[in-house]
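Report on one structure; see the data block that follows.
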Amino acid sequence: MTIHIGAKPGQIAETVLMPGDPLRAKWAAETFLDAPELVNETRGMLGFTGTWRGQRVTIQGSGMGMPSLSIYANELIRDYGAKTLIRVGSCGAMQEDVNLRDVVLAMTSTTISTPSTGIFRELNFAPAADFGLLMAAHEAAKERDVPVHVGGIYSADVFYDERPDLNEQMTRHGVLAVEMEAAELYILAARYKARALAVLTVSDHLVTNAPPLSAEDREKSFGDMIEIALEAAFA
Ligand code: HPA
């Protein structure tokens, strides 16, 4: 047990998928894992452990934003020995040729700040995905004919951003999409020698302002993303 995770030692797998939404963790565990067992419900941030093709997997909610994800990722890695952490979540597209429902694999993430900013001070650390996971996820997306983009994303600190100029700079510099968690996950993975990747589905569009996905479309896209993440984890 840790401060924020109630699982007993051994109840967390070495491979962890992290959706932001705890109810998505429940849905994904019940849909894709065999014999899913509830291993955490502290603060309602549900986590489940089961097996996928015979391999143990935990699906644990991260909450929204880097401070929340940082708490869970720290405890998963440092206290429970997680070695592969894959964020599965939604993002807002920042390029015209990135469409709703497409998958974005974050090679790196630009950010204005993270819970790790205090360590780096004047350095702009470059958070990076694990190359093996990235390649395997790309392969898995191609195999299932899911439109996929690989490149930089932006991990923002605020959803209701009062600085639209920041988004404009990101678009101008080729950043594919915005979300709020990946940079800190990559930094923690680097610090503790774990593997990390963010597999994201585009749920809204900041450039074209296309109407956001319906709940049903979001669920279907979310399913593709979970399978891509699982295939990458065990490739
Ligand atoms: N902004 C920030 N985070 C997000 C968005 C967005 O538009 N869409 C999904 N996550």
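Among Leu38, Leu134, Leu85, which comes first, then next, by fewest other beta-carbon atoms within 10 Å?
Listing Leu38, Leu134, Leu85 from fewest to most nearby Cβ atoms yields Leu38, Leu134, Leu85.
Any idea what diffusion coefficient the range 1-106 gets from Stokes-Einstein, in µm²/s, Kirkwood Rh on alpha carbon pairs, 25 °C, 0.890 mPa s?
The Stokes-Einstein estimate is 174 µm²/s.
Report ³J(HN,Hα) in whole Hz for each residue of the range 81-96, in order, from the Karplus equation J = 6.51 cos²θ - 1.76 cosθ + 1.60 where θ = phi - 60°; Gly and Pro get x.
Each residue of the range 81-96 in turn: x, 4, 10, 10, 10, 10, 6, 10, x, 9, 8, x, 5, 10, 10, 4 Hz.
I'd like the Karplus ³J(HN,Hα) series for the range 134-147: coefficients 6.51, -1.76, 1.60, θ = phi - 60°, whole numbers in Hz, and an x wherever there's a Gly or Pro.
Ordered by residue, 3J(HN,Hα) equals 4, 5, 5, 5, 4, 4, 5, 5, 4, 4, 9, 6, 8, x Hz.
Could you tell me what % of all Cα pairs in the range 15-233 have separations over 24 Å?
Roughly 36 percent, once rounded to a whole number.
To the nearest 20 debye, what charge dipole does the chain have about its Cα centre, counting +1 at the Cβ of each Lys and Arg and -1 at the Cβ of each Asp and Glu?
780
Quick one: Karplus J couplings for the range 184-196, per residue in order, coefficients 6.51, -1.76, 1.60, θ = phi - 60°, nearest Hz, x for Gly and Pro?
5, 4, 5, 5, 5, 4, 5, 5, 10, 6, 9, 9, 9
State the Cα centre-to-centre distance between the range 41-96 and the range 158-179 in whole Å.
That distance is 24 Å.
Which order do Phe159, Phe222 fall in if you start with the one that has the fewest other Cβ atoms within 10 Å?
Fewest to most other Cβ atoms nearby, the residues stand as Phe159, Phe222.
Loop by DSSP (not H, G, I, E, B), at most 11 other beta-carbon atoms within 10 Å: where is the longest site-free stretch of the chain for trypsin sites (Lys or Arg not before Pro)?
122-192
With r as the distance between the Cβ atoms of Thr208 and Arg53 and R0 = 35 Å, compute the FRET efficiency 1/(1 + (r/R0)^6) and round to 0.05.
Efficiency, rounded to the nearest 0.05: 0.40.
Using DSSP to define loop residues, name the GluC sites (Glu not before Pro) in the range 65-141 whose beta-carbon has at most 12 other beta-carbon atoms within 10 Å.
Within the range 65-141, the qualifying GluC sites (Glu not before Pro) (loop, at most 12 other Cβ atoms within 10 Å) are Glu96, Glu122.
Could you compute the FRET efficiency for Glu216 and Met64, with r as their C-beta to C-beta distance and R0 at 25 Å, rounded to 0.05?
Plugging the Cβ-Cβ distance into 1/(1 + (r/R0)^6) gives 0.70.
Suppose only helical runs count, i.e. DSSP H with n ≥ 4. What mean residue ellipticity at 222 nm does that imply for the chain under -39500 (n - 2.57) per run, divided by all residues and rounded to the nearest 500 deg cm²/dmol?
Result for the chain, helices only: -10500 deg cm²/dmol.
Taking the alpha-carbon distance from Lys220 and a cut-off under 18 Å, which lysines remain once sequence neighbours fewer than 8 residues away in the same chain are dropped?
Lys26, Lys142
Read the figures in this text as sums done on the coordinates, not as results from a lab. Everything quoted here is computed from the prediction, not taken from an experiment. Here Cβ is always computed from backbone atoms with ideal geometry, including for glycine, and neighbour counts include all displayed protein chains.
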